[in-house]
Each structure stands twice: as structure tokens, then as C-alpha cells.
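Read-outs: derived from the displayed coordinates by stated rules, not from any lab. Just so it is clear, the model here is predicted, and its values are computed rather than measured. Virtual Cβ from ideal backbone geometry, glycine too; neighbours counted across all protein chains shown.
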Amino acid sequence: MSRQPVDEQILRLFHDHAGEFLSGERISRELGVSRTAVWKRIGRLRDLGYRIEAVTSRGYRLSAAPDLLHPGQLKAGLGTELVGREVIYFPETDSTNIRAHDLARAGAVEGTVVVADRQSAGRGRLGRRWESPPGVNLYASVVLRPTIPPRHAAQLTFLSAAAVARCVEESTGLRPTVKWPNDVLLGGRKVAGLLNELDAETERIHYLILGIGVNLNMRADQFPADLRYPATSLAIETGRTVERLAFTRLLLGHLDRLYREYRARGFAPVLEAWQAFFDLVGRPVEVDCQEYRISGQVLGLDADGALVLRLAGGMEQRVLSGDVRPL
Ligand code: BT5
């Protein structure tokens with residue numbers, strides 16, 4: 001049997017035998033643990049909100065599962081090769097990116113995913129805050145170990161944005177757009193933010209963390225009052241609750257496929273996937289590059305993903321990073 005924690009294995013058994021009663025004896029035999037251990041773990045799962053019936057002489061049956069991102073449930077039926085090989089779940093943590101850094105430094109395998117129900121110190125870019133209330137959204141960080149030079153790390157931001165955009169489209173039927181280089185919008189409002197962080201030497205990446213926050217069921221009154229950019233959630237846009245587990249499985253699947261494509265064929269297919277959601281070509285924009293601002297018409301992206309603008313005087317300019325605002 002694998003090294004999976006016992007509660008994950010119990011959930012997997014319930015998943016594989018959906019709707020059936022499983023005797024305590026059978027569970028203990030299949031998992032190679034005592035019946036007391038099974039009983040204790042069932043108690044712990046109940047505390048987490050899993051409704052598990054116990055009927056004398058028949059055993060246990062899972063009758064309702066909370067929409068938690070528990071690894072046992074998340075991994076069941078995931079079917080990815082790389083992303084999600086290990087899943088670590090925190091009911092609450094400071095930031096999944098911080099947890100992922102610690103795990104990566106301690107040698108976590110490529111594809112390890114950290115998810116949390118809530119974050120007490122969710123991070124945005126440049127030290128900003130990411131509002132992370134419990135029970136409603138997705139907060140995930142993926143550990144990757146790509147063999148690329150550090151100057152190519154930004155390519156992975158396009159990869160996570162394209163994966164999120166595909167997933168939003170598939171689960172809502174609505175067409176999202178991407179904001180260069182790294183937000184995903186629905187109806188022009190931000191539904192997802194990405195924070196990719198790097199640990200590298202000059203020539204070599206030790207590891208890279210893809211931090212992904214998607215507003216799934218967040219209500220309008222849960223957003224901070226001082227948003228830098230209008231924001232929304234999938235539920236606000238569709239009027240329907242999104243199942244977090246299903247969305248997360250779908251996202252890990254898209255990340256897995258795109259990342260394997262990236263390793264096999266390089267950046268071009270990733271940029272193409274991203275560009276399918278980019279709607280600013282030909283539009284006038286203003287770019288805030290921190291030290292200065294420029295405005296111009298978007299001509300497109302170059303092969304490295306830099307934004308190419310035509311400035312008022314007719315000159316072309318490449319922009320490597322900055323906040324873009326349509327004019
Ligand atoms: C981002 O930063 O958009 C990156 C957010 C990344 C969050 C994920 S969650 C999992 C992982 N673990 C972490 O700790 N972080 C990552 P930025 O572009 O700087 O946007 C931050 C700004 O968005 C804030 O200053 C607010 O104005 C606004 N904001 C805060 N919370 C928001 C939310 N939930 N939805 C939309 N906008 C939000």
C-alpha cells in the first residue's frame with residue numbers, strides 16, 4: 001500500500017465504492033491499519049464535515065462530502081501525470097506560496113500542490129494583499145522545477161494564466177480574457193490573480209512556485225473596499241455556485257497538460273494558448289511601469305511574451321512588465 005495518510009486512503013476507498021457500505025474490518029484490512037485507527041480517522045473526517053453513516057453489521061458509508069480540497073478527494077479521479085502528484089491541504093495557513101517555498105526547499109517533488117481553505121496572509125504582487133476568505137475560493141501553489149534559464153521564468157506566468165482561463169471558460173461557458181501579463185478577467189473584472197515566485201542562481205532555477213488565486217464563490221460584500229481593479233467571482237458572473245473540488249481538478253489537469261507541452265515544445269504553444277484570450281490587440285492602452293508610464297496602441301506580443309506598443313510618434317516599444325489599462 002502507498003504512503004498516503006490513512007484519512008486520504010479512506011476517502012479514496014469511499015470514492016472507489018461510491019454509495020456502498022464498507023465494513024470497518026474491510027477498511028482496516030485494505031489499509032493495513034487497526035480497526036481502532038479506522039474508527040478514529042472516521043471521527044476526524046466527520047469533524048471536517050464529512051457525513052459518514054455507521055450502521056451495525058454493514059459498516060460505514062459516505063453520504064455527503066463538504067466541498068473541501070482534501071487531498072484524498074482531490075486526487076481521486078485526477079488523472080494528471082505531474083501536477084498534483086502530491087497534494088498538501090491546509091484548512092488555514094498564512095499563504096500557500098510561503099508553504100510551497102518551505103516544501104520546495106525541503107525537496108518536494110515537482111508537481112507538488114499546496115491548497116488552503118483560507119489564507120491569513122494571502123500575497124499579491126509587490127507586497128500587496130490577496131483577500132482569502134474561507135469556504136469560497138481556490139488558493140493554490142504549484143511547485144515546478146523547470147530546466148530553463150531564470151530569464152525565461154516569466155513564461156510560466158503565461159502558462160498559469162492560460163490554464164486558468166481555459167478552466168474558467170470550461171466551467172462557466174463564459175469567455176474570460178487575460179490581462180497582460182498575468183490576471184484573468186470576466187466581463188473586464190478580475191476573477192483570478194497569479195503570483196509566480198522563483199528561487200534561482202544566475203544560470204539555474206532551483207524551483208518555481210505558481211501561486212494561483214481564483215474567486216469562485218466569493219460574494220460582492222467579501223471584496224475589500226479599496227480594490228486596485230474591479231473584481232468579481234465565477235458565482236457572481238453566473239449566478240451559480242461552483243464546486244471547488246471539480247474546478248480544482250480541472251485546473252490541475254489543464255496545468256499538467258500545458259506544462260508537459262511546454263517541456264516538450266517550448267514557449268510557443270503556451271503563448272498561443274494565452275493569446276487566444278487576449279483581447280487588447282489594436283486597442284489604445286496605458287502601461288504603468290512603476291518608474292514611468294507610457295501609452296500607445298497594442299501591436300501584439302513578441303516571441304518572448306513582451307508587449308509591443310506603437311507610441312504616439314509612431315515608434316515601436318517593447319514592454320517587459322507593468323500594469324496595463326485599456327484607454
Ligand atoms: C495578484 O496580485 O493578483 C496575485 C494574487 C495571487 C494570489 C494567490 S492565492 C494562492 C497563492 N498564495 C498566495 O499567498 N498568493 C497566491 P496583484 O496583481 O498585486 O493584485 C493584488 C490586488 O488585487 C490587491 O491590492 C487588491 O486591490 C486586489 N485584490 C485583493 N484580493 C482580491 C481578490 N480576492 N480578488 C480580486 N482582487 C483582489
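Fully extending the segment from residue 221 to residue 286 would add 20.4 nm, taking 0.36 nm per residue of separation and subtracting the current Cα-Cα distance. Treat each spin label as a single point 7 Å out from the Cα along the C-beta direction, and report the residue 34 to residue 321 distance in nm. Computed distance between label sites residue 34 and residue 321 equals 5.4 nm. Taking other Cβ atoms within 10 Å as a rough exposure proxy, 180, 130, 39 sort from fewest to most as 39, 130, 180. Compute the separation of the alpha-carbon centres of region 270-327 and region 82-106 and state it in Å as a whole number. So the two Cα centres are separated by 33 Å. Shown in residue order for region 205-210 are the 3J(HN,Hα) couplings computed by the Karplus curve 6.51 cos²θ - 1.76 cosθ + 1.60 at θ = phi - 60°: 8, 6, 6, 9, 10, 8 Hz (x for Gly and Pro).
At 24 angstrom or more along the helix axis (alpha-carbon based) and mean Kyte-Doolittle of 0.0 or higher, what helices does the chain contain? Whole DSSP H runs only.
Working: long enough: 155-172 (26 Å, 0.58); 244-265 (31 Å, -0.53).
Within the chain the helices that satisfy the rule are 155-172.
Taking 20 Å as the straight-line reach from the Cα of residue 190, the lysines in range (excluding those fewer than 8 positions away in the same chain) are 179. Taken over region 248-307, the alpha-carbon convex hull comes to 116 cubic angstrom per residue. Amide H to amide H distances under 5 Å link residue 52 with 63, where only residues 5 or more positions off or on other chains count and H is placed in the peptide plane. Taking region 10-25 and a reference point 7 angstrom along Cα→Cβ of residue 55, the backbone N atoms nearer than 12 Å belong to 19-23. Dividing the helix sum by the residues of the chain, where each DSSP H run of 4 or more adds -39500 (n - 2.57), gives a mean residue ellipticity at 222 nm of -9500 deg cm²/dmol.
I'd like the Kirkwood hydrodynamic radius of region 72-227, using the inverse of the mean 1/r over distinct C-alpha pairs, in Å. Write out the running numbers ahead of the final one.
Details: mean 1/r = 0.0623 Å⁻¹.
Answer for region 72-227: a Kirkwood hydrodynamic radius of 16.1 Å.
In sequence order, region 297-312 has phi-based couplings of 9, 6, 8, x, 10, 8, 5, 8, x, 6, 7, 10, 10, 9, 6, 3 Hz under the Karplus curve 6.51 cos²θ - 1.76 cosθ + 1.60, θ = phi - 60°, and Gly or Pro positions carry x.
Here, region 115-156 has an Rg and a Dmax of 13.5, 38 Å when only alpha carbons are counted. Cβ crowding within 10 Å ranks 34, 160 as 34, 160, fewest other Cβ atoms first. From the largest down, region 163-217 spans 41, 19, 17 angstrom on the principal axes of its Cα atoms.
Can you tell me what percent of all Cα-Cα pairs in region 165-278 are more than 18 Å apart?
Details: 3588 of 6441 pairs.
Here the long-distance tail beyond 18 Å is 56 percent of all Cα pairs in region 165-278.
Based on the Kirkwood radius over alpha-carbon pairs, what is the Stokes-Einstein translational diffusion coefficient of the chain at 37 °C with 0.692 mPa s viscosity, in µm²/s? Please list the in-between numbers first.
On the way: Rh = 21.2 Å.
So the translational diffusion coefficient is about 155 µm²/s.
Using a simple spin-label model with pseudo-atoms 7 Å out from Cα toward Cβ, residue 198 and residue 241 lie 4.2 nm apart. Our summary gives region 19-129 a relative contact order of 20 percent, counting only alpha carbon pairs under 8 angstrom and 6 or more residues apart. Restricting the calculation to Cα atoms, region 44-155 yields a radius of gyration followed by a Dmax of 17.1, 62 Å.
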